[in-house]
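Engineer: Below are the structure tokens for one structure; questions will follow.
The values are calculated or read from the model by the stated rules, or taken from the named source; none is laboratory data. This one's a predicted model, so the numbers in the text were calculated from it and none came from an experiment. Cβ coordinates were reconstructed from backbone atoms using ideal geometry, including for glycine residues, and neighbour counts include every protein chain displayed.
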Amino acid sequence: MGKLIGKTYATPAPAAVAPAAAVQPPAVFACPHCGKEYKTEKGLADHIAKEHADAPAPDGE
């Protein structure tokens, strides 16, 4: 407990931690042309537009 100007405050409890099973891994978006990975779909789309604009679409798209 801390003391400030004659008032006593309780120390805040630590934040609850989610169980390991509830924690989801971050999504990964991989470039179909070069395999580079991005955290967001927009990041991947920007990469493809900039770096692979003249490349044909990979099979299956």
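Engineer: Among what's in segment 11-61 and is among the β-branched types (Val, Ile, Thr) and modelled with pLDDT of 80 or more, pick the residue that is surrounded by the most Cβ atoms within 10 Å (Cβ to Cβ). Walk me through it before giving the result.
Structural biologist: Taking segment 11-61 as the starting set, the residues that turn out to be among the β-branched types (Val, Ile, Thr) are 11, 17, 23, 28, 40, 48.
Retained after the next criterion (residues that are modelled with pLDDT of 80 or more): 28, 40, 48.
Working: 28: 9, 40: 11, 48: 18.
So, considering only residues that are among the β-branched types (Val, Ile, Thr) and modelled with pLDDT of 80 or more, the one surrounded by the most Cβ atoms within 10 Å (Cβ to Cβ) is 48.
Engineer: What number of residues within segment 28-59 are in contact with a helix residue (DSSP H, G or I) (Cβ under 9 Å, 6 or more places away or on another chain) and outside any loop (DSSP other than H, G, I, E, B)?
Structural biologist: So the answer is 4.
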